[in-house]
Amino acid sequence: MGSTFKLSHVSTYKEILVEVLLSFDLRPLRANQIVGLTAPSPAPEVLFRLSGQTHAMSLSEFATQCNLYQEAEIATGLYT
């Protein structure tokens, strides 16, 4: 999805953007929720539709896919 938002040249960009914005659902983890190797996988935090396909991912995956953060930045204690 890293190049997904580089579609401004496409004639249907407005329709694609409206679809994403109208379907975007943010479900952040609770502050006390434990995520680790022994804990069950948490539900996706970010859900949206793009070109008729549903996408679900963690907030950190969404941030890296949109190039908001780099993997190295998310691995630090500052990203919480």
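The values are calculated or read from the model by the stated rules, or taken from the named source; none is laboratory data. Not measured: the values here are computed from a predicted model. A quick note on method: Cβ atoms are made from the backbone with ideal geometry, for glycine too, and the neighbour counts reach across all protein chains shown.
Observations, loosely collected:
- Annotation for segment 36-44: no member residue is surrounded by 11 or more Cβ atoms within 10 Å (Cβ to Cβ) and modelled with pLDDT of 90 or more.
- Residues in segment 22-35 that are part of a loop (DSSP other than H, G, I, E, B) and among the aliphatic types (A, V, I, L, M) were compared, and the one that is modelled with the lowest pLDDT is Val35.
- Within segment 21-33, residues that are over 13 Å from Leu50 (Cα atoms) reach partners that are at pLDDT below 75 and not hydrophobic (A, V, I, L, M, F, W, C) with beta carbons closer than 7 Å, at six or more positions or on different chains, in the pairs Leu29/Pro42; Gln33/Pro42.
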